[in-house]
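Engineer: For reference, the structure I am asking about is given below.
The values are calculated or read from the model by the stated rules, or taken from the named source; none is laboratory data. Bear in mind the structure is a predicted one, so any value in this text is a computation, not a measurement. Positions of Cβ are generated from backbone atoms using ideal geometry, with glycine treated the same way; all protein chains shown enter the neighbour counts.
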Amino acid sequence: MSEAEAGSGLISLASSAPFPWQEALWERLVSAHREDRLAHAYLLAGPPGVGKRAFAQRFAASLLCLEPDARGHPCGHCGGCLLMQAGSHPDFSVLAPESGKTQIPIDAVRELSASLALTAHQAGNRVALIFPAEAMAQSANSLLKTLEEPGAGVILILISDRPLAVLPTLRSRCQRVDCPIPPENEVRGWLVTDRQDSALLARVLALSGGAPLQAQSLLNAETATRLDRLGREGAQVLTGGADPLVIAARWSMEEPPDFMGLWLVRLSEQVARLRVLGHLPESSLLALPTSQIQKALAGADTRDVLMYHTFARQARLWLLQGIANRQGLLESLLVPWSMGLRGFSIRNPLQQEPWWE
Ligand SMILES: [Zn+2]
């Protein structure tokens, strides 16, 4: 199950979570449960694409199974498991923003808090998954009482790609569980099962920053073709061979919108590395020799290059949240790119009127 699909209430007990890189964490939490020393609230924190939601769902299923096996995996056939698979377990809730929204509404949080104040229907545990945890800004207060005085068997699992954006009042009441990018050899070992295209694998790992589930979802022929095209068009814009406005219009149609955001963040990161370290990683995103990239960027100073990376990261977030005019935002990234980022830090778009909204 991809993280994107994981928002539905249905829980597949055949999910591959815990993934190999989560085994130690699984063991730790299952032991804590067995020894009756689970915290009442956890914050799973780590970059997107490492399997946090799949893990949390699997762990919730384990907590609600009446007869988990020796390793804590849900049995798949007890009353609790059947209700989980049907998506109708009365002691399990999932709280997430509605599609197209960035915030979890106050009413939904109040409703959850009220339901957690009641007694459990089944085995005793009541589990709620909340993601992304930073989507509780105005609604956080409604959850504080539950976090401070949780009923017996209540376990809240908050999930965040950006833990620093989670309100400190929530963060401080949760036990933080870090879910980092696993070591690259582990990710490669997991990904290379039936696909052996090592060049594509290297490019996809570079694009996903090593996040395994994200890399897996990108590992296909379509990504290869798309990366070739973007690499050519990005190089053309940089060297004056293509109009940045035309390319921005074309890129604004790319689906999902986050793909462009991700690509541009990685591109700006590669350019920053090139400036600081003097070389590009093995799988360069641009279809252009390093010497030509350096020549095109010769007029930019290090601040320009670093500021561009910061802006690309912010732009990606806006694309992800769907709150930006995609074409306008891409223009604001590609026009400076066509000028070799010269003076970008002086005209820093983050400090100007946001014309891309
Ligand atoms: Zn079961």
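Engineer: Condition check: of a type in the set (Val, Ile, Thr) and under 21 Å from the mean Cα position of the chain (by Cα). Does ILE159 satisfy that?
Structural biologist: Details: of a type in the set (Val, Ile, Thr): yes; under 21 Å from the mean Cα position of the chain (by Cα): yes.
Criteria met by ILE159.
Engineer: List the residue pairs whose Cβ atoms are under 9 Å apart, where the first residue sits in region 30-41 and is under 18 Å from ALA56 (Cβ atoms), the second is of a type in the set (Ser, Thr, Tyr) and assigned to a helix (DSSP H, G or I), and the two are 6 or more positions apart or on different chains.
Structural biologist: Hits for this filter: VAL30/SER62; HIS33/SER62; HIS40/THR146; ALA41/THR146.
Engineer: If I ask for residues that are over 23 Å from ASP161 (Cβ atoms) and of a type in the set (S, T, N, Q), which ones from region 301-324 would you list?
Structural biologist: Residue satisfying the conditions is THR302 alone.
Engineer: Checking LEU38 against (1) in contact with a strand residue (DSSP E or B) (Cβ under 8 Å, 6 or more places away or on another chain); (2) of a type in the set (A, V, I, L, M); (3) within 16 Å of the ligand (Cβ to nearest atom), which single condition isn't satisfied?
Structural biologist: For LEU38, the exception is condition (3).
Engineer: A further question on this structure: Look through region 210-258, keep the residues that are in contact with a Pro (Cβ under 9 Å, 6 or more places away or on another chain) and not assigned by TED's automatic domain parsing to the domain that holds LYS295, and return whichever of them is surrounded by the fewest Cβ atoms within 10 Å (Cβ to Cβ).
Structural biologist: Result: GLY210.
Engineer: Can you work out which of the residues in region 182-198 that are part of a helix (DSSP H, G or I) and modelled with pLDDT of 85 or more is surrounded by the most Cβ atoms within 10 Å (Cβ to Cβ)? Quick ask: steps written out before the conclusion?
Structural biologist: As a first pass, look at region 182-198 and keep what is part of a helix (DSSP H, G or I): 184-191, 198.
Then drop every residue that is not modelled with pLDDT of 85 or more, which leaves 184-191.
Working: GLU184: 11, ASN185: 8, GLU186: 15, VAL187: 24, ARG188: 16, GLY189: 12, TRP190: 17, LEU191: 17.
Only one residue tops the list, namely VAL187.
Engineer: From (1) outside any helix (DSSP H, G or I); (2) within 16 Å of the ligand (Cβ to nearest atom); (3) surrounded by 15 or more Cβ atoms within 10 Å (Cβ to Cβ), pick out the condition that doesn't hold for GLU67.
Structural biologist: The failed condition is (3).
Engineer: So, in region 168-181, exactly how many residues are touching a Lys or Arg at 6+ places or on another chain (Cβ under 7 Å) and either acidic (Asp, Glu) or assigned to a helix (DSSP H, G or I) (or both)? Step through it out loud before you land on a result.
Structural biologist: Going residue by residue through region 168-181, those that are touching a Lys or Arg at 6+ places or on another chain (Cβ under 7 Å) are 179.
This time we only want the ones that are either acidic (Asp, Glu) or assigned to a helix (DSSP H, G or I) (or both), so: none.
Residues that pass the stated criteria total 0.
Engineer: Look through GLY80, GLY51 and report the one residue that is surrounded by 22 or more Cβ atoms within 10 Å (Cβ to Cβ), farther than 27 Å from ARG162 by Cβ and either at pLDDT below 95 or not hydrophobic (A, V, I, L, M, F, W, C) (or both). Don't jump to the end; show me each part of the working.
Structural biologist: Working: GLY51 fails: farther than 27 Å from ARG162 by Cβ.
Residue meeting the stated conditions: GLY80.
Engineer: List the number of the failed condition for SER115; all other conditions in (1) more than 16 Å from the ligand (Cβ to nearest atom); (2) in contact with a Pro (Cβ under 7 Å, 6 or more places away or on another chain) hold.
Structural biologist: The number of the failed condition is (2).
Engineer: Being of a type in the set (Val, Ile, Thr) and touching a residue at least 40 places away in the same chain (Cβ under 8 Å) is the filter here; which residues of region 266-284 pass it?
Structural biologist: In the first step, residues of region 266-284 are kept if they are of a type in the set (Val, Ile, Thr); the result is 271, 276.
Result: VAL271, single match.
Engineer: Then there is this: Looking at region 31-57 only, could you name the residues that are under 16 Å from LEU213 (Cα atoms) and part of a helix (DSSP H, G or I)?
Structural biologist: LYS52, ARG53, ALA54, PHE55, ALA56, GLN57 - these are the residues of region 31-57 that are under 16 Å from LEU213 (Cα atoms) and part of a helix (DSSP H, G or I).
Engineer: Here is a list: CYS174, CYS81. Which entry is in contact with a helix residue (DSSP H, G or I) (Cβ under 9 Å, 6 or more places away or on another chain) and more than 16 Å from the ligand (Cβ to nearest atom)? Show your work before the answer.
Structural biologist: Working: CYS81 fails: more than 16 Å from the ligand (Cβ to nearest atom).
Answer to the check: CYS174.
Engineer: Same structure again: Which pairs turn up if I take residues in region 111-124 that are under 15 Å from LEU83 (Cβ atoms) and polar (S, T, N, Q) and look for partners that are modelled with pLDDT of 80 or more and surrounded by 14 or more Cβ atoms within 10 Å (Cβ to Cβ) with beta carbon separation below 6 Å, at least 6 apart in sequence or on another chain?
Structural biologist: Note: pairs meeting the criteria are GLN122/GLY80; GLN122/ASP91.
Engineer: Restrict the check to region 223-238 and report whether at least one residue is part of a helix (DSSP H, G or I) and of a type in the set (Ser, Thr, Tyr).
Structural biologist: Within region 223-238, the subset part of a helix (DSSP H, G or I) is 223-238.
Checking which are of a type in the set (Ser, Thr, Tyr) leaves us with 223, 225.
For region 223-238, residues part of a helix (DSSP H, G or I) and of a type in the set (Ser, Thr, Tyr): present.
Engineer: Can you give me the number of residues within region 87-125 that are of a type outside the set (A, V, I, L, M), within 26 Å of the chain's Cα centre (by Cα) and buried (at least 21 other Cβ atoms within 10 Å of the Cβ)?
Structural biologist: Selection size over region 87-125: 1.
Engineer: While we're looking at this one, here's another question. Looking at (1) away from the ligand (no atom under 16 Å from the Cβ); (2) at pLDDT 95 or above; (3) crowded, with 20+ Cβ neighbours inside 10 Å; (4) assigned to a helix (DSSP H, G or I), which is the only condition ALA60 fails?
Structural biologist: (1)
Engineer: Can ARG28 be described as more than 15 Å from SER217 (Cα to Cα), in contact with an Asp or Glu (Cβ under 6 Å, 6 or more places away or on another chain) and either at pLDDT 90 or above or in a helix (DSSP H, G or I) (or both)?
Structural biologist: Values: more than 15 Å from SER217 (Cα to Cα): yes; in contact with an Asp or Glu (Cβ under 6 Å, 6 or more places away or on another chain): no; either at pLDDT 90 or above or in a helix (DSSP H, G or I) (or both): yes.
Spelling it out, it is not the case that ARG28 is more than 15 Å from SER217 (Cα to Cα), in contact with an Asp or Glu (Cβ under 6 Å, 6 or more places away or on another chain) and either at pLDDT 90 or above or in a helix (DSSP H, G or I) (or both).
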